[in-house]
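FYI, it's all coordinate maths here, none of it is from the lab. Not measured: the values here are computed from a predicted model. Here the Cβ is made from the backbone with ideal geometry for all residues, glycine too, and neighbour counts use every protein chain on show.
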Amino acid sequence: MRYERYDAPSGAEWMLVHGPADGPRALILAPLFGEANGTRATIVALARRLADAGIGSAIPDLPGTGESRRPLADIGWEDWREAAAAAGRQLETPHVIALRGGALLDDAVAAKSRWRFAPAPGATLLRQLERAQLVTDREGAPAQPAASGVIELAGYRMSPSLCATMRGATPGTPDGPLRGLPFEGPGLAPWRRAEPTADPDLAARLAADIAEWIRTCAA
């Protein structure tokens, strides 16, 4: 496991890299907002499983997320799509693994194939943030007034343009091989759990499916 920089159009950002640099490589586009926190440990466990299978992977921090130094309030939808495309170029046309909201961005990447897990439209993700904000308000701790031109939902300060574009965003229909996998349990989906703990069984199942998919695409 190591960190590497990738050159997004808005500036250099970090990505977490696992596995070999030779052989098949995958770009992992994580869920967005709070779902990213809930699934982070499971995604890292998935990347380690892929490394054991000889598949390298990189999990990029999009601008305004993770270790990025850019404020989320300054980020537009195209910043995310362009960053995903730039991370893919650094991996030289990888396979793309997209989870939940990551599937809203994967068609921006030049890829050998695409694999999606429980893809979600942007409107669903925003409704979750709006519901969380309502709960916060009802519990007597309303969010601090946002600066002019900024929307604040569940602790995330976003530009109106990011919210508006995301509300209408749906997973695209890109060219090339595409596999979609729903979440079918057992247990609670990782993005719905109160604690962001790893789900090693789910990580193992997903890694096995991805490895077989990549082998199929290479055949």
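Of note:
- Identity of the residue in the stretch 53-77, under 22 Å from Lys112 (Cα atoms) and in contact (Cβ under 8 Å) with a residue 40 or more places away in the chain, that ends up surrounded by the most Cβ atoms within 10 Å (Cβ to Cβ): Ser57
- Among the residues of the stretch 84-100, those that are touching a helix residue (DSSP H, G or I) at 6+ places or on another chain (Cβ under 9 Å) and either closer than 28 Å to Arg192 by Cβ or among the hydroxyl-bearing types (Ser, Thr, Tyr) (or both) comprise Ala84, His95, Val96, Ile97, Ala98, Leu99, Arg100.
Residues checked against (1) farther than 21 Å from Asn37 by Cα; (2) out of contact with any helix residue (DSSP H, G or I) (no Cβ under 6 Å at 6 or more places or on another chain); (3) surrounded by fewer than 17 Cβ atoms within 10 Å (Cβ to Cβ):
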residue	(1), (2), (3)
Gly168	yes, yes, yes
Gly180	yes, yes, yes
Arg192	no, yes, yes
Ala203	no, no, no
Leu206	no, no, no
Ala211	yes, yes, no
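- Residue within the stretch 62-75 that is touching a Leu at 6+ places or on another chain (Cβ under 9 Å) and of a type in the set (S, T, N, Q) present: yes
- Members of the stretch 11-49 that are surrounded by fewer than 19 Cβ atoms within 10 Å (Cβ to Cβ) and outside any helix (DSSP H, G or I): Gly11, Ala12, Trp14, Pro20, Ala21, Asp22, Gly23
- Residue under evaluation Tyr3, criteria (1) in contact with a helix residue (DSSP H, G or I) (Cβ under 7 Å, 6 or more places away or on another chain); (2) in a strand (DSSP E or B), criterion not met: (1)
- Count of residues meeting criterion [assigned to a helix (DSSP H, G or I), of a type in the set (A, V, I, L, M) and within 19 Å of Leu162 (Cα to Cα)] in the stretch 78-109: 6
Rundown of residues vs (1) surrounded by fewer than 22 Cβ atoms within 10 Å (Cβ to Cβ); (2) within 20 Å of Arg157 (Cα to Cα), yes/no style:
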position	(1), (2)
Arg81	yes, yes
Val96	no, no
Gly102	no, yes
Asp106	no, no
Val109	no, no
Trp115	no, no
Pro119	yes, no
Gly122	yes, yes
Glu130	yes, yes
